[in-house]
Structure formats: structure tokens, C-alpha cells
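A.B. asks: Okay, here's the structure, questions in a sec.
The values are calculated or read from the model by the stated rules, or taken from the named source; none is laboratory data. Because the structure is a prediction, the values reported are computed rather than measured. FYI the Cβ positions are ideal-geometry reconstructions off the backbone, even for glycines, and counts take in every protein chain you see. Please note that ligands, DNA and RNA were not included when accessible areas were found on the heavy atoms of the full protein model with its side chains. Shrake-Rupley method; radii C 1.70, N 1.55, O 1.52, S 1.80 Å.
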Amino acid sequence: SLGIRTLIESDCPSRCDLFLVGDDELCDGDCGSEEEGTDDNTLSSPPRRILNSVKLSLALTRAFHVKSYTNRKHSNNTNYDPSSLLLDDLVVTLRQAPAANGDNDVGGDDGEWSSFPDLSMISSIEDFDALILEGGHRWIILGITMDNNANKNDNLINTVFDDKVDESYATMKVDMAAAAHLITAIGKLLYHMFLLKPFPRLEEVESSTLECKEEDERGGIEEAVAAAAQPRSKRRGPSESLFQQLIESGDCPISICRLLNDSINNNNGMDSDRAHPITSLDDILLDLGFMISSPRLFLHDPERDFSQAAVHFGQRFNGRKRELSELLNITTVPHDENSGLQTIFVSGIAGSGKSHLISAVGSFVSNFGYMILTAKFDREKGHESREMVLGAIMGTLVTNLVKMRDGDDESDVDYSRRAVDAISEALDTDSLLSLIDIVPSIQQLIPEIRTAQHKETSSCHSPEPSTHWQLVFLLSELLISVLGLERKIFLVLDDLQWADKSILSLMSEVLNWTSGHLQERRRLVFVGMHRDGDEVSSDLMSFRTCFVNLEAEGRAHVTAIELSTLSLDDVVEMISSELRLPRRLVIGLADA
């Protein structure tokens, strides 16, 4: 097998992408890619070597986690000294992953991976380098184990990485001193992983301390007195100033410098000078996990000044992972050809994040070819909201088609042309003229309407205002004409609690009409958002009931999501993302 030290000290980690078992990125393309709306696009991506080292560090820490847990669970009191372990004693087992656009399922049985080489069969870093040169850029970390040739106790670490650890580990009481000893040992291994050199031995530290002392003495009595007056945590000694030394070296991002300092200098909280110690392996795992899930946030350039005068929350999407996963599953996973109109109702108290959640979903699915149409009801507008909302929805639809027609993308131009043909076939000139008041941009999309409108004006004859059912017909045919093509629409109505009965009735009829068209309804996702509680009117309840009835007929599929207040984990994630700090440093603030 390939030694970890040999691997990290080569240039291979700079030229390949490493993945953990079950890593979502295996199916999604490049290493370090993140969901739209979850990260700050102004931050540069971390170097590939750094991100690969973080993933190797997580696999290494998890291997310790499993072994440490197993020993306690089975009352194995075997004594071992983790501080004696070096990177030279550890080997990593990798397996080549399918290409980003490959059809192979990752993480399955061995048969599914039979065509990919096992790195345990590779005898040297030269062999691995040759495979990378041949195009093998993606590798899965299967496990980290002891080198069979290492002169160490087998009980030290002999478990292949296993992600399924009994959750009761987190609640078990362990010896504080032993835990601190293990954390420090892992910290030193990670130091070597990131800085490409072993952590200084005790005699080297003592020698460095002596040199600093002699330098202080040469600097004169006054400087020595000033240095002695400094708090112990601020002195220039090698252990006390490790974080500052790491920052000044510029070799690692700030978050890694902090992790190395807090784990190596860890003493399980018994020293009051250590305000934020690492108290368990879980702390290390969480720190590394944050770096992997949001590398551009937590592995930012150490020279970049990311701080700002004021923290602005709400710029990124945080929390609501269960709800977000459910919504993305509805909008991105192919459905049965007989499936009904996908209808989603999101409710919650004011400020619970309904609009922010749906905005994040809309931003993401727009990358999958969805056209996003949104409208928001206004409490103060009353009956005027009908024209305003219909104009926003249909106006955006037509305006998008105009932009596609006038753009440079040939596929967009062709789509817009076919949409015009479909609309013109479904609606005659008189029908199109009736839409002008609500959708003025229809004249830009179909210029022939202007000529017809001029003739109507010259003859002193103007079309009569459309009735309720005429509007239902016109809007339904317009929507269905576009849905008849291959692209999908994500239609959102926000603050439904302020909508009056007439607009709710009109929209329910339009969507009812659409649900009767088998192919077209599969390309539409309708989202309605409203506050819950006393602000839910009987008209709104009737509106929702219409879709329940459609679901009973097999013409719709209704999903109801009720947002509660943010959980502690949601708040922690929000604060961590904004401050670029790990969970252990913000949990107290989030729980205040």
C-alpha cells in the first residue's frame, strides 16, 4: 500500500481529486463544487492540495475514532501510546473513481468497481503518478491503516475507515487525560499532513526555547523584563505562539492553523488560558467536515481580509437541510410520466425563512433549465394585486422569451421561435390583443400584434375587458403553449395570505386547466407560500383544498412543508458561515 507521508510529500495531491466514501461530489463533477447560493462566490477556491489534505485528515481522524470507540465498547484496556505514531507508520488505500460524467455507481459492491485499480496493488508513488498522467484524476479514500512493516502495537490503529460508528460514542465518559493525549497526537499528525514536515520533537522545542532566551538576554534587561511581563498565552515560546507562527508562515488557511494549534496545545480545558480547547475527536471531525462541505468559506486564503465592519446575515442559505433536500428531490429527480402537477405549499410564521428557502431552491434549479416566475402579494394593494401578480408572472415569462430571441445562444433563439409559433397557434389575434393590458411585452414577442392593434385603434373599436373565464382561458393557453416545449417552469406565489378571493380563484382555475394536460403538467412546479395561524383565510384554505382534490384525481402531487423556528444547529451553521469559525467556537453564542 502507499504510505501517507510518501503521498503528501509528492506533487500527486496537487494533480488529482480525492473523495471520501459517500461523498456527493463523486456524482457532481469537480472537487470542491458547492450548491448554488450556499457559498460566497467572491472567495477563491482553495488549492487542490489543501482540500485533499483535509480529506485525508478526516479519514485519518475517523480511523482513530473507530478504533478508540471499539476499544472502549469492548472494555479493551490495552495500553498504547498514540504519541509514538508517525505518518510513516500509516498507509492509505485508494480506489480509482468513475469519471464525473460516468455511468458507474460509486460506493457499491466490489463488482461495481472491478474495472478500477486498487492502490494497494501499487508499489510506489511512481506507479500512482503514472496513473494520474494517464487520466486517473479521481480517487476514493477507502481507508487508512497501520503499515504492516511498522514497528508498532497492532492495537494502536488497525481498523479500515468505517463511517458507521455507534452514535453512543459521543455520550460516553472517557478519561480526560487520555483523550487530551490522543487529540494532541492526532494534531501532530495533521501538522505533518499540512506543513509537509513532522512536528518538532521535544529536544528541538527545548533548543528553540533556549535560543529565544539567549536572544532575549542579548537584547538587554529592559526587553527581557517586558517579555516576562507578558501573559503566558502571549509569549513568543514555540508552544504558546504556535497559531501565530502558523499564520505568519502562510502555508495553511486560517482555519487549519487554528485546528492545529487547538489540538496540539489541547489540555482538555484544564488550563484557563485556553479559551476554546478541542475536547474530543468529534471536535476535530466537525472542524474538518465544515472545511470539506464549504471549502471556499472555511479554507479561504490566509492573506485575504475577509472581515468586514458589520456581519450581514441572510446573504447565504444556511440550515433547513431536510426541507431543502426534500424540495430539491421534487424539482430535480425525474418523475413518472403519469405523475401529477408538483404542488408545494410552504407555511410558517413571519420571518421563518420561507422566501429565503424557496429563493435558494429557485437559484439552484435555474441551473437545470427551469424558468423562474415569481410574484408576491401586497397587503396594501387589495384588488389591484390581481393585475400586478398576473403581470409579474406572465410578463416575466414573455420577457424571458424576448431576451432569448435577442440573445446569442442558438438554443435559446430556437426555443423562443418555437414558443412564438406555439403561442400563435393556440391564441388568435383577438385573444392576443386581449392580453396586452396584462402582458404588454407580448407586443415585443409577437410584433404582428402591433399592426392588429393599430387597425383596432383606427376603427375606433377596442376589445372589451376580459371576463374571469376569458382570462382563465387566455392565461392557461399561454402557459400551456410554453410548457409544451422541453423546458420547465418554477412558478412561485408568495404571501398568499394577502391574496383576495378573485385572484386565488383565477390561479386555481389556471393550474387546474394545466393539470389536465399530461405532458405539460410534468414540466411545471407550483409553489405557494403563506403565513400560518390566524392569518390563513377561508379563501386560502379553499385554494389549497382545490389541489388536494386534484391529487385525489391523480392530476397533482401536493407537498406541505411547515417551517418552525430555526433550530440550534441552523443558527450555529449561520454564525459559522458568516464568521468563518468552527462550531465549537460559536456554539455558546448561538445558544445564548
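A.B. asks: Strictly over 30 Å apart at the Cα level, which of LYS321/LYS376; LYS321/LYS501; LYS55/LYS354; LYS55/LYS197; LYS197/LYS321 would you flag in this model?
C.D. replies: In this structure, LYS321/LYS501; LYS55/LYS354; LYS197/LYS321 exceed 30 Å between Cα atoms.
A.B. asks: Which percent of the accessible heavy-atom area of region 467-574 goes to carbon and sulfur, probe 1.4 angstrom?
C.D. replies: Answer for region 467-574: carbon and sulfur cover 51 percent of the accessible area.
A.B. asks: Can I ask one more? Would you kindly derive the ³J(HN,Hα) couplings of region 327-332 from the backbone phi angles with the Karplus curve 6.51 cos²θ - 1.76 cosθ + 1.60 (θ = phi - 60°), listing them in order in whole Hz, with x for Gly and Pro?
C.D. replies: 5, 5, 5, 5, 8, 10
A.B. asks: On to the next question. For region 484-569, report the accessible area per residue in Å² (1.4 Å probe, heavy atoms, rounded to an integer).
C.D. replies: With the other protein chains kept in place, region 484-569 gives 43 Å² per residue.
A.B. asks: 7 Å from Cα along Cα→Cβ at both ASP147 and THR332: what's the point-to-point distance in nm?
C.D. replies: 4.1
A.B. asks: Which listed residue (VAL525, ILE561, VAL536) has the Cα farthest towards the positive end of the charge dipole for region 464-573, taking +1 on Lys and Arg C-beta and -1 on Asp and Glu C-beta about the Cα centre?
C.D. replies: Projecting each Cα onto the dipole axis, the largest value belongs to VAL525.
A.B. asks: Would you mind classifying region 328-405 by shape? Square roots of the alpha carbon gyration tensor eigenvalues, ordered a ≥ b ≥ c; an a/c under 1.5 is rounded, otherwise it is prolate if a/b is larger than b/c and oblate if not.
C.D. replies: Verdict is oblate for region 328-405.
A.B. asks: May I ask you to order 584-590, 397-403 by the average number of other C-beta atoms within 10 Å around their residues, highest value first?
C.D. replies: Listed from highest to lowest mean packing, they are 397-403, 584-590.
A.B. asks: Same structure, new question: Along region 84-98, what does the Karplus equation 6.51 cos²θ - 1.76 cosθ + 1.60 (θ = phi - 60°) give for ³J(HN,Hα), rounded to whole Hz, x for Gly and Pro?
C.D. replies: Along region 84-98, the couplings run 7, 7, 10, 4, 4, 8, 10, 10, 10, 9, 10, 9, 5, 8, x Hz.
A.B. asks: Within 10 Å, count the other beta carbons around each residue, average over each peptide in 85-97, 325-337, and list them highest first.
C.D. replies: Result, highest mean first: 85-97, 325-337.
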